[in-house]
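*Asks:* Pasting in a structure now, in structure tokens, and then I'll have a few things to ask.
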């Protein structure tokens, strides 16, 4: 995108948009919105597309709440400070929402629209986030919901039919009576949409998609939205340069369900036993090992992972060595020989003398064990 064009567009924005305006259509069949600042809830991943989407609304005087959802498979690093700074850059108010347990219980293993290349149920995940966003919209007395999705950017979740599938799921969710107050199900009140999905807006590709209810009502000026499609990123990079944002993330890589190692660990655990919520920590942290009879052993690699694996787990016992070293988790159903082997392997990662025995606690059992030869432990690693 030419920088002169960008500057011209920015001037046009400033001339036409009042930063605290409410939107009223001059020549429309739709009556004006009640006199209050229009507000939107936004699915905010921290990425550039969602930031641009929020910026486009902010420039139109719309109050934006940036909803950042934790599904349990994000980065291991605490990115709260980044999310706050990134949202602040685009004039949005950050709200962080933990839906990890609900996502695990209801979505991860039974997605209606299946998985992508890995263990990523993207279509169902996006619909689930929109569902939570609409609930938050009611709570905040906001008017509609947006996401930063780009038509055709991702082969599984952002095809036109995939976006329509998300819409169909939201339409079904909208049948819940809690949405009665914001919908006109019989169509008699034209100031309200008939179905909940009509309140979904995707600013990045809006000009390539059917006009949404917020656009029809004049809450959002469609002319100041975008018509981006495909995997190219030039438009986004041009806008990044225009706005000069300090805080932004590179595209992709945000969800560990698209990570090969996490996917393989989940599938391996599924062949061994029921996967439980606490297993998420095992998939994201530590050396993941498989012992002689199939028992899983996960050993922390550093102090940070020690803390993240120091959990109460319904299917795993903690291994706590007498020596200075890592914490580990072992399947409760491990055989006696596997327990001894696991204890010895853990000792090999501790500050130990190979010729001495050390006390090792495994669950409520105690063992006196010598370290396993360190150079031989790699054969138990699940991913070599």
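*Asks:* Counting only helical runs of four or more DSSP H residues, what would the 222 nm mean residue ellipticity of the chain come to if each run contributes -39,500 (n - 2.57) and the total is spread over all its residues?
*Replies:* Numbers: 12 runs with 125 residues, N = 384.
Here the helix-only value at 222 nm equals -9500 deg cm²/dmol.
*Asks:* Let me ask you something else. How high is the FRET efficiency from residue 76 to residue 101, r the C-beta distance, R0 30 Å, rounded to 0.05?
*Replies:* Rounded to the nearest 0.05, the efficiency is 0.95.
*Asks:* If you stretched the chain out fully between residue 368 and residue 260, how much longer would it get, using 0.36 nm times the residue separation minus the C-alpha to C-alpha distance?
*Replies:* Fully extending the segment from residue 368 to residue 260 adds 35.2 nm.
*Asks:* Which one is right for this structure if Cα extents along the principal axes in Å is calculated from it: [x] 87, 47, 32; [y] 191, 69, 49; [z] 87, 78, 36?
*Replies:* Answer label, from the structure shown: [x].
*Asks:* Taking Cα atoms, how many degrees apart are the long axis of helix 80-89 and the longest axis of the chain, rounded to 10 and kept between 0 and 90?
*Replies:* 20
*Asks:* Here is a follow-up. Would you order 317, 268 from fewest to most other beta-carbon atoms within 10 Å of each residue's own beta-carbon?
*Replies:* 268, 317
*Asks:* Compute the angle between helix 160-173 and the longest alpha-carbon principal axis of the chain, please, reported from 0 to 90 degrees and rounded to the nearest 10.
*Replies:* On a 0 to 90 degree scale, this one is about 90.
*Asks:* Could you pull the Cα extents of the range 259-380 along its three principal axes, largest to smallest, in whole Å?
*Replies:* 38, 29, 27
*Asks:* Separate question: Mind checking the angle between helix 48-58 and the chain's longest principal axis? C-alpha axes, 0 to 90 degrees, to the nearest 10.
*Replies:* 30
*Asks:* Could you state the orientation-averaged shadow area of the convex hull built on the Cα atoms of the range 338-384, in nm² to one decimal?
*Replies:* Projected over every direction and averaged, the Cα hull of the range 338-384 covers 3.5 nm².
*Asks:* Here is a follow-up. Can you give me the orientation-averaged projected area of the convex hull built on the Cα atoms of the range 130-179, in nm²?
*Replies:* On the way: hull surface 14.7 nm².
It is 3.7 nm².
*Asks:* Follow-up. Arranged by the count of other C-beta atoms within 10 angstrom, fewest first, what order do 272, 126 take?
*Replies:* 272, 126
*Asks:* Here's something else I'd like to know. Of all beta bridges DSSP finds with both residues in the chain, what is the antiparallel percent, to the nearest 5? Display every interim value, and only then the final one.
*Replies:* Values: 20 of 38 bridges.
Here the share of antiparallel DSSP bridges comes out near 55 percent.
*Asks:* Just need the relative contact order of the chain here, percent rounded to a whole number, with Cα pairs under 8 Å and 6+ apart.
*Replies:* Contact order relative to length: 14 percent.
*Asks:* Taking the Cα of residue 175, stepping 7 Å toward and past its beta carbon, and measuring to each backbone N in the range 113-133: which are under 18 Å?
*Replies:* 113, 127-128, 131-132
*Asks:* Take 372, 243 and order them by how many other Cβ atoms sit within 10 Å, fewest up front. Walk me through the numbers on the way to the answer.
*Replies:* Numbers: 372 20, 243 16.
Taking fewest neighbouring Cβ atoms as first place, the list is 243, 372.
Read the figures in this text as sums done on the coordinates, not as results from a lab. This is a predicted model, so every value here is computed, not measured. Neighbour counts are summed over all protein chains in view; Cβ atoms, including those assigned to glycine, are modelled from backbone coordinates with ideal geometry.
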